Amino acid sequence: MNYWKILVLILLVPFLMQCTPAGKPTAGDPYDHRVDSVMATMTLEEKIGQMTLFTSDWDVTGPTLRENYKEDIKAGRTGAIFNAHTAAYNRELQRIAVEESRAKIPLLFGYDVIHGYKTIFPIPLGEAASWDLAAIELAASVAAAEAAASGLHWTFAPMVDIARDPRWGRVMEGSGEDPYLGSLVGRARVRGFQGEGFENGDKVLACVKHFAAYGAAAGGRDYNTVDMSDRLLRDIYLPPYKAAVEEGAYTVMTSFNELDGVPATANRYLLTDILREEWGFKGFVVTDYTSINEMVFHGNVADDKEAGEQSINAGVDMDMQGAVFYNHLKKSIEEGKVSEAQVDQAVRNILRLKFVLGLFDDPYRFMDIEREKRVVFSKENQDAALDVARKSIVLLRNENQTLPLSKTLRSVAVIGPLADNKVELIGAWSGAGNGNDCISLLQGIQNKTAGSMQVRHAMGCDFEGTDQSGFAAAVNLARQSDAVIVAVGEKAQMSGEAASRSDITLPGVQEELVKALVATGKPVVVVLMNGRPLAIPWIAENAPAVLETWFLGTQAGNAIADVLFGDYNPSGKLPMTFPRNEGQIPIFYNNKNTGRPFDAANKYTSKYLDVPNTPQYPFGWGLSYTSFAYEGIGADKTEFSAQDTVRIRITLSNTGARDGAEVVQLYVRDLVGSVTRPLRELKGFQKVFLAAGAKQELTFKLTANDLAFHTRDMTFRAEPGYFDVFIGGNSDATQSIRIQLAE
Ligand code: GLC
């Protein structure tokens, strides 16, 4: 095409764009025509620029390779920037793009808004412990509103990686070990982030990550090798990604790991066969941070250029920070290793979402400084953060009704490295959050008791190290107090990316501190703050009460105080199994029976010599200040066909003296399959609030599709036969009924 034609088209583009209102339906996709009109004006270099994502220098989430990204913007060598935020800063970068570059294509701004932008919510594993999908969606919605008010269009979330290994630091970022819960949480987060549209400038594009099976890293060691059967991949690890894509997530991020010998970033089976052809994904695929370059280390390519060719040919559209397309793609096209049609398709996938966001109509829509002041860190958002935080707390143990603490106590001692700490409570992946904005546990208790009791603090020990010199003062304070609250756990950065731990016990001498405090005989409440399941066997057997509070974010202290003093009855349930020790790992509830299931009377059965097979706390575990009884399990039919719906009923009673919420869980066991089947699989749950003394009949619906799995020949279907259905308050549920799927 000669330059005169390009010049005419450039002159026409603004007119064309004006006379084709955003979203006006045209043949095919409503944006096709508008994308075509922009594509027609672009040079190959500018197309490659749209496929290139660079970080600003505002926040570092990986090895920064680029220095002058502003020059790259002006030259059209990048179409998206991440780690840049605030309306003012991004407005300036956007101005460079739409006023100083030749093609004047608006930038896309991305950021890791994982559990909040400025108002920080519980870490995602904590939110998952709420089993409250409305609360989880609310958290994502608030995060989106604050991010979108701060110049951002795109969050690199939800992370939906199934994780069965608590040594892996990124368990904090997902929803735990179960595909059913993980799928529903992934959908809720996509709804919260993306809503029904972007015209109000309060929603952002979601990015489902890390595709795929990143959580299965061998040994729980981050970035390590992943190798599994296609059946395990499809039955356990893929469902949450699929659910998020079905919920409409606009983007997907590749994972660092290899899968079956092929790095995910070059894995056509994942990125094209499954994601696009089986699931119908229409958005764009972005790599993780320099994951194209890292294929040279994986050893499946000789150099960056080959890595770029393999990633495009697998289905990648955008290169995060690696500058591989930027440096090599033009030559790959000249050599015929990649076609310009492939580049055009990648660019279309990207430009389309810039139209979906409305950026061509108003590049500054998300950069209103006055709105940013109104929305970010508002009182309403703080209230939402408190609500979600309270719902995320799990009561693990409560002997002799140690909790809730009476508000008439004369004095409490608040002890431990996390007692008067703010900055750790924000957790890893805390976006633009500021740890100093967090309410510490000590502050939350002081707020709660408002001078009605003596609240005194001693640190006792540090997070790490062997120094016990602070024990004496802590024990002495405990002896002088009516009750003791000891806050122990991890530092925020002891979980998250590149933060795997081979030893998941309490760091340092924290457990020794707890032992010293329990030895006083005082009522001791252990408050755990951590990013992963911990091995706490002594505490689990000896502490009067244990609360799992994860890292609850900005309103942490207030939320924990509400639970400690009974203003909120804890309702959380574990989304991930707590092992007794690392030796049990991997340990998860939906395991198989084996040919020699454990039998205490038979030596030659599956067991360890030094620890039971059972976990410290099972998946779905969580207590309440009240008690619940399950009775009268039944079904409207015990034989059903593939077309039927079975209605399983149970009566739940609040048999205690306090109102409370219970997560009623339904599990299924397929007794005989063409391949071995798990002992339990979560197939339903309902979070139910019941007043003290009240009872309610609940109904769960089951269909053959709920019982489907990848059978011996890998077809996805339910197989006729018997199924045991279990309902209860955790994965050890005992109320059961047998049903039969007819031939
Ligand atoms: C990191 C993470 C990914 C994140 C990206 C951008 O390495 O793996 O989850 O979204 O880089 O910060």
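The values are calculated or read from the model by the stated rules, or taken from the named source; none is laboratory data. Here the structure is a predicted model, which is why all the values come from computation and not from measurement. We place every Cβ from the backbone using ideal geometry, glycine too, and count neighbours over all the protein chains shown. When the accessible area is computed, the model is the full protein with side chains, heavy atoms only, and any ligands, DNA or RNA have been set aside. Shrake-Rupley method; radii C 1.70, N 1.55, O 1.52, S 1.80 Å.
Accessible-area rank, largest first, for Glu719, Glu196, Glu258: Glu196, Glu258, Glu719, with all protein chains present and a 1.4 angstrom probe. With a threshold of 31 Å on the Cα-Cα distance, the over-threshold entries among Lys242/Lys607; Lys209/Lys573; Lys379/Lys687; Lys203/Lys391; Lys74/Lys491 are Lys242/Lys607; Lys74/Lys491. Taking 0.36 nm per residue of sequence separation and removing the Cα-Cα distance, the Glu512/Asp361 pair yields an extension gain of 48.2 nm. Rounded to 0.05, the FRET efficiency of the Arg647 and Leu671 pair, given R0 = 22 Å and the Cβ-Cβ distance, is 0.60. Take every Cα pair under 8 Å whose residues are at least 6 apart in sequence, average their separation, divide by the length of the chain, and the relative contact order is 12 percent. Relative to the dominant Cα principal axis of the chain, helix 379-392 is inclined by about 50°. Placing R0 at 22 angstrom, the Cβ-Cβ distance between Thr655 and Lys701 gives a FRET efficiency of 0.25 after rounding to 0.05. In plain terms, if you count all Cα to Cα distances in the stretch 442-507 and split them into 5 Å steps from zero, the share in each step is 3, 14, 20, 18, 17, 13, 10, 4, 1 percent. With the simple spin-label model, which puts each label point 7 Å out from Cα in the Cβ direction, the Asn593 to Glu100 separation comes to 6.9 nm.
Take Asp503: with every protein chain present and a 1.4 Å probe, its accessible area is about 70 Å². Only one residue of Pro544, Leu386, Leu441 has its Cα farthest out toward the positive end of the dipole of the stretch 382-569, where Lys and Arg carry +1 and Asp and Glu -1 on Cβ, and that residue is Pro544. More than 36 Å apart: what percent of Cα pairs in the chain qualify? Taking all Cα-Cα pairs of the chain, the fraction more than 36 Å apart is 45 percent. Our helix-only sum for the chain, with -39,500 (n - 2.57) per DSSP H run of n ≥ 4 divided by its residues, gives a mean residue ellipticity at 222 nm of -8000 deg cm²/dmol. Think of the chain as having a plus end and a minus end, set by charges on the Cβ of Lys, Arg, Asp and Glu; of Ser606, Gln321, Phe256, Ser606 sits farthest toward the positive end of this dipole.
Taking the empirical scaling 2.2 N^0.38 Å for compact globular proteins as reference, the stretch 382-569 has a Cα radius of gyration ratio of 0.94. Report the local net charge at Asp230: Lys and Arg +1, Asp and Glu -1, summed over other residues whose C-beta lies under 13 Å from its C-beta. Taking every Cβ under 13 Å from that of Asp230, the sum is -3.
Helix 340-356 and the longest principal axis of the C-alpha atoms of the chain enclose an angle of approximately 60°. Summing charges over neighbours of Gln696, with a neighbour being any other residue whose Cβ is under 14 Å away from its Cβ, gives -1 when K and R count +1 and D and E count -1. Taking Tyr604, Tyr89, Tyr250 and ordering them by how much accessible surface each has at a 1.4 Å probe, largest first, produces Tyr604, Tyr250, Tyr89.
Within the chain, DSSP assigns beta bridges of which about 55% are antiparallel (rounded to the nearest 5). A Cβ-based charge dipole, computed about the Cα centre of the chain with Lys and Arg at +1 and Asp and Glu at -1, lands at about 1180 debye. The calculated FRET efficiency for the pair Lys603 and Asp344, based on their C-beta separation and a Förster distance of 56 Å, comes to about 0.25. Multiplying the residue separation of Asp713 and Thr638 by 0.36 nm and removing their Cα-Cα distance gives an extension gain of 24.2 nm.
Solvent-accessible area assigned to carbon and sulfur over the stretch 628-741 amounts to 46 percent, based on a 1.4 Å probe.
In this view, the solvent-accessible surface of Asp732, computed with a 1.4 Å probe and all protein chains in place, comes to about 100 Å².
When Rg and the Kirkwood Rh are both derived from Cα coordinates, the Rg/Rh ratio for the stretch 628-741 amounts to 1.03. For a paramagnetic label modelled on Ala691 (point 7 Å from Cα along Cα→Cβ), amide N atoms under 19 Å away belong, within the stretch 636-660, to 652-660. Across the stretch 193-198, in residue order, what do the Karplus-derived ³J(HN,Hα) couplings come to in whole Hz, using 6.51 cos²θ - 1.76 cosθ + 1.60 with θ = phi - 60° and x for Gly and Pro? Running phi through 6.51 cos²θ - 1.76 cosθ + 1.60 with θ = phi - 60° gives 6, 9, x, 9, x, 10 Hz. Nearest 10 degrees, 0 to 90: what angle lies between the long axis of helix 324-334 and the longest principal axis of the chain (Cα atoms)? With both axes taken from Cα atoms, the answer is about 40 degrees. Ordering His210, His298 by accessible surface, largest first, gives His298, His210; the 1.4 Å probe counts only protein heavy atoms, with every chain in place. Projecting the Cα atoms of Val672, Phe284, Val526 onto the dipole axis of the chain, where Lys and Arg carry +1 and Asp and Glu carry -1 at the beta carbon, places Val526 farthest toward the positive end.
With a cut-off of 13 Å between beta carbons, the residues surrounding Val546 carry a summed charge of -3, where Lys and Arg count +1 and Asp and Glu -1.
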